[in-house]
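The values are calculated or read from the model by the stated rules, or taken from the named source; none is laboratory data. No experiment lies behind these values; they were computed from the predicted model shown. Every residue, glycine as well, gets a Cβ built from its backbone with ideal geometry; the counts of neighbours run over all protein chains shown.
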Amino acid sequence: MRVVAGSAKGRKLHVVPGHGTRPIVDRVKTSLFDILRPRIEGVIMLDLFAGSGSVGIEALSQGAAHCTFLDLSVQAVATVKKNLALTHLSERAEVRCTDAFRYLRGTQRSFDLIYVAPPQYKNLWVAAMQLISERPELLRSPSAESEGRSESGLAIVQIDPKEYRTLDVGEFHETRQRRYGNTLLVFFARASEPASG
């Protein structure tokens with residue numbers, strides 16, 4: 001597993017010991033960031049269930065302004081910190097050993113991008129998206145103080161295709177899916193406010 005582009009391109013990343021995480025494979029990460037590249041510069045990101053931190057670190061490498069990494073596993077948090085040090089990206093990151101759902105319920109921060117890649121087959125992605133839909137302010141809308149950004153915030157879910165189901169998530173709507181073998185990426189955007197004029 002490596003950083004595929006940007007300032008830390010080519011750096012090999014540590015993986016979390018054991019079998020509790022499912023790291024994103026490089027070809028899926030490459031495809032994901034091909035989609036995100038036009039909007040990644042300067043974004044504020046939240047990496048839920050961060051594991052090794054590979055996705056958030058990729059975002060930082062490719063120009064994201066800041067990433068908050070959350071994981072309940074002490075080993076995962078230690079791995080994220082090691083990988084941030086290895087890629088010299090620690091200054092633009094916050095790493096917290098905490099429950100993702102508690103954080104989503106309590107934080108007052110807003111993000112441009114939330115990445116949701118929980119342990120498989122536990123419906124945690126559904127619970128996370130429902131919680132995000134209950135607190136839409138977690139994702140910035142284009143009308144927020146977004147420094148000229150015209151895009152709405154994005155939540156991206158990484159799951160096994162067998163886990164997928166259609167969700168009613170309030171102000172959010174599913175905008176696209178990309179399937180790569182046994183990995184499915186599902187993109188949700190916060191609905192834009194009507195344009196004036």
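Six or more apart or on different chains, Cβ under 9 Å: which pairs go from a residue in the stretch 74-86 that's in contact (Cβ under 8 Å) with a residue 60 or more places away in the chain and crowded, with 16+ Cβ neighbours inside 10 Å to one that's in a helix (DSSP H, G or I) and of a type in the set (S, T, N, Q)? Could you list them? Listed by first residue and then by second, the contacts come to N83/S54. Of the residues making up the stretch 44-58, those that are of a type in the set (A, V, I, L, M) and in contact with a Phe, Trp or Tyr (Cβ under 8 Å, 6 or more places away or on another chain) are I44, M45, L46, L48, A50, V55. With respect to being out of contact with any Asp or Glu (no Cβ under 7 Å at 6 or more places or on another chain) and either surrounded by 16 or more Cβ atoms within 10 Å (Cβ to Cβ) or β-branched (V, I, T) (or both), T68 falls outside the description. Taken over the stretch 85-99, the residue count meeting the criterion of being out of contact with any Cys (no Cβ under 9 Å at 6 or more places or on another chain) and not β-branched (V, I, T) is 8.
Do we find that S141 is part of a loop (DSSP other than H, G, I, E, B), over 23 Å from R176 (Cβ atoms) and touching a residue at least 12 places away in the same chain (Cβ under 8 Å) in this structure?
No; evaluated as a whole, the condition is false for this residue.
Being among the hydroxyl-bearing types (S, T, Y), within 15 Å of the chain's Cα centre (by Cα) and either surrounded by 12 or more Cβ atoms within 10 Å (Cβ to Cβ) or at pLDDT 90 or above (or both) holds for only one residue in S141, S110, S146, and it is S110.
Output yes when any residue across the stretch 30-39 is of a type in the set (S, T, Y) and either more than 15 Å from the chain's Cα centre (by Cα) or crowded, with 23+ Cβ neighbours inside 10 Å (or both), and no when none is. Spell out how you get there, then give the answer.
Going through the stretch 30-39, the residues of a type in the set (S, T, Y) turn out to be 30-31.
From what is left, the residues that are either more than 15 Å from the chain's Cα centre (by Cα) or crowded, with 23+ Cβ neighbours inside 10 Å (or both) are none.
No, there is no match, as no residue in the stretch 30-39 is of a type in the set (S, T, Y) and either more than 15 Å from the chain's Cα centre (by Cα) or crowded, with 23+ Cβ neighbours inside 10 Å (or both).
Comparison of P118, P194 shows that the only residue that is surrounded by 12 or more Cβ atoms within 10 Å (Cβ to Cβ) and modelled with pLDDT under 95 is P118. When the stretch 1-14 is limited to residues that are surrounded by 15 or more Cβ atoms within 10 Å (Cβ to Cβ) and not charged (D, E, K, R), the one that is farthest from F33 (Cα to Cα) turns out to be H14. Pairing residues of the stretch 100-116 that are over 19 Å from G53 (Cβ atoms) with residues that are part of a strand (DSSP E or B), at Cβ distances under 7 Å and at least 6 apart in sequence or on separate chains, gives S110/L139.
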